[in-house]
1. Is there a residue in region B:342-352 that is of a type in the set (D, E, K, R), in contact (Cβ under 8 Å) with a residue 60 or more places away in the chain and in a loop (DSSP other than H, G, I, E, B)?
2. Can you go through A:161, A:148, A:154 and tell me which one is touching a strand residue (DSSP E or B) at 6+ places or on another chain (Cβ under 8 Å), within 14 Å of chain B (Cβ to nearest Cβ), farther than 20 Å from residue A:251 by Cβ and buried (at least 24 other Cβ atoms within 10 Å of the Cβ)?
3. Check whether at least one residue in region A:107-118 is buried (at least 17 other Cβ atoms within 10 Å of the Cβ), assigned to a helix (DSSP H, G or I) and touching a His at 6+ places or on another chain (Cβ under 8 Å), and report yes or no.
4. Please tell me if residue B:136 is more than 9 Å from chain A (Cβ to nearest Cβ), touching a Leu at 6+ places or on another chain (Cβ under 6 Å), assigned to a helix (DSSP H, G or I) and crowded, with 24+ Cβ neighbours inside 10 Å.
5. Return the residues of region B:280-321 that are acidic (Asp, Glu) and farther than 24 Å from residue A:151 by Cα; say none if nothing qualifies.
6. Can you tell me which residue among B:205, B:211 is of a type in the set (Val, Ile, Thr), open to solvent by 10 Å² or more (accessible area, probe 1.4 Å) and outside any loop (DSSP other than H, G, I, E, B)?
7. Working only within region A:316-356, note down all residues that are open to solvent by 20 Å² or more (accessible area, probe 1.4 Å) and within 27 Å of the chain's Cα centre (by Cα).
8. Given the structure, is residue B:336 in a loop (DSSP other than H, G, I, E, B) and free of Cβ contacts under 8 Å to residues at least 40 places away in the same chain?
Protein chains: 2
Amino acid sequence: MQSGSPPTGPRRPAEPGMALAEVQTPALLVDRAALDANIAALASYLQSRAPGIRLRPHAKTHKSPDIARLQLAAGAIGVCCQTVAEVEAMVAAGIPDVLLSNQIAEASKAARLAALAGAARIIVCVDDTAQVALLAAAARDAGVVLHVLVEIDVGGHRCGVASAEAARSLALEVARHKELAFDGLQAYHGRAQHFRTYEERRDAIASAASIAQQAAALIRESGLLCGTITGAGTGSFEHEAASHFYTELQCGSYVFMDADYARNRRGPNNALPEFAHALSLLTTVISAPVPERVVCDAGLKAMSLDSGPPSLARHPGLAHAGTSDEHSTLLVESGAAPMVGDKLQLLPGHCDPTVAMHDWLVVHDGQIVTALWPVARGR
Amino acid sequence: MQSGSPPTGPRRPAEPGMALAEVQTPALLVDRAALDANIAALASYLQSRAPGIRLRPHAKTHKSPDIARLQLAAGAIGVCCQTVAEVEAMVAAGIPDVLLSNQIAEASKAARLAALAGAARIIVCVDDTAQVALLAAAARDAGVVLHVLVEIDVGGHRCGVASAEAARSLALEVARHKELAFDGLQAYHGRAQHFRTYEERRDAIASAASIAQQAAALIRESGLLCGTITGAGTGSFEHEAASHFYTELQCGSYVFMDADYARNRRGPNNALPEFAHALSLLTTVISAPVPERVVCDAGLKAMSLDSGPPSLARHPGLAHAGTSDEHSTLLVESGAAPMVGDKLQLLPGHCDPTVAMHDWLVVHDGQIVTALWPVARGR
């Protein structure tokens, strides 16, 4: 009974060459043309506006080595990850330079990370001496060097040391370990990504840069290089790019563009790319019990509602009424009601946790499936 | 680049014999003693209060063949599932009688279901002639019989035919197909599960039973047996059990008890079992940047927030402040602040979608891991 045998491998919802109408649902679709356009648009923007700044896209959005390779081919220098499992998947796929933009507090995870440092440049964040000790021990045991950024709280009030002095002190602690290389500062302002007005985002990033600059100055006074200043996301990168201080950008969501980010209002500088919705959740209408209501098989186990319900922009006559484990109930407000068996495309409110619910990205060109890309969703 | 190779198998977060402090996080813990007590408590309640009523627990809560076997050993006649993939996992594990308490609108899924009907009794719901046609064709092709329930809307306003007359008409349509066996009615009131007062739940189920009784009477007048009347969940089962009309109960969440169900207020009949929280999310404190705030590695990809944030009942000095993809921020309101590396146990707001995010259930007896049970989380 306590079998412990592994779950069977993930079933493929489609095969290349299939029509979208044949894909088993719920399934995540990636519009290849929109994906390519988004990747090209950010690369082009940065080339013209902030030449020299490095792009290290966040792979927590897609968890896809296939997409990471497309980003590197367009000029990205590597990727960010948020978990050790993501780092493992990216290094296994040949990505040569990976930042774990997060803290580790388990010896087992530090060992997993150190085991990868022979195959790629591995960078990791710290904000506490306990993490430094774990990383140093793991690097020493593995005979490798781990690169380290000190994370400083620049306004997000999540992780990160609380002062420039604390950042200097921790940087010096890192530098005491020959198995660790101090690279610079993680200065990411998560909250600012979703401030709705241009001015709020601009002011938040100006403040973030000021806090990080003070820390960098103190660290440099102590005789350490502080070559990397990294942060930014899809909501705020225009400001970090214009700061003349940040050296790397971590934008992730731009590849897919979720419904929530699309609600951010643009500023007077209208040169920002218009990223397209490249990710959608394909769902089948499984019930149409009355003319004013249909039910589809897109539920809480197939899409995350943390940033609100999915957008029905591709089905303007329908309105979202509710979602349970394996169902969404949609109201028919105008137009012809969908029929049982019809397929719909919902735009997820938040792409990142939605992707983590799926084993596969079903890539399509128009109505035809062109590839299946695995999602590195383990832990 | 368009490799299509499958993701690597799921990493095991622990091994039997390990202390909980060594489990890699975030990981879902199942307290074996609490689980066993919950299973026994419902069985005992039904034996004394509603002898003869059949229990068919909903496996969408746990997605675990191991737990399904424990439920059958305690008297359950089979399980409910919400997806074809769950049915496949349960039949593969030897569960002999499985109800897909949901509609199918894809020929590919009907074929998958029919392929299982040689190994188990398979029952499925319909509320539209299109589903009946798909199921009949798949059963004919596979040379099997599929059992069918007509779902009637008893107040949940999700799936289900809208009238007793429509239920009769669809039952007769099912009966026209020799590959399909009409078994009765699915009469589940999902919304009633979360009505907070005893009286609201009692009245909702009285209304549901009345609606289903009218449909059953019409169907029986037409010369069809209507032997199965199935519904109920953890929030309302005392009422269906007392109805003298329902023949089967579908309670699922009782095995784990999530924070949301625990908010339902009990009625005057205090013989209802007190189900214990058997599921918790083990998380590690990865950052403690200031005395009043810590950050742990339980994020949106490890627990569902659709029914509110997790309960911190096991850590009364802490309060939930926010959750992002791989973090939760907790405020230290009283007592000693946890330190980096400390482990916490959060009680998920909603167990079902939380379980679906994990590959393994880590079963424990006190502080020691006793088993790893796979989660059938594919599609």
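1. no
2. That would be A:161, the only listed residue that is touching a strand residue (DSSP E or B) at 6+ places or on another chain (Cβ under 8 Å), within 14 Å of chain B (Cβ to nearest Cβ), farther than 20 Å from residue A:251 by Cβ and buried (at least 24 other Cβ atoms within 10 Å of the Cβ).
3. Taking every residue of region A:107-118 in turn, none turns out to be buried (at least 17 other Cβ atoms within 10 Å of the Cβ), assigned to a helix (DSSP H, G or I) and touching a His at 6+ places or on another chain (Cβ under 8 Å).
4. no
5. Once the filter is applied, which keeps residues that are acidic (Asp, Glu) and farther than 24 Å from residue A:151 by Cα, region B:280-321 yields only B:306.
6. B:211
7. Within region A:316-356, A:320, A:322, A:323, A:324, A:345, A:350 qualify.
8. Yes, satisfied.
The values are calculated or read from the model by the stated rules, or taken from the named source; none is laboratory data. This structure is a prediction, so every number in the text was calculated from the model and none was measured. Backbone-built Cβ (ideal geometry, glycine too); neighbour counts: all protein chains shown. Protein only, heavy atoms only, side chains kept; ligands, DNA and RNA dropped before computing areas. Shrake-Rupley method; radii C 1.70, N 1.55, O 1.52, S 1.80 Å.
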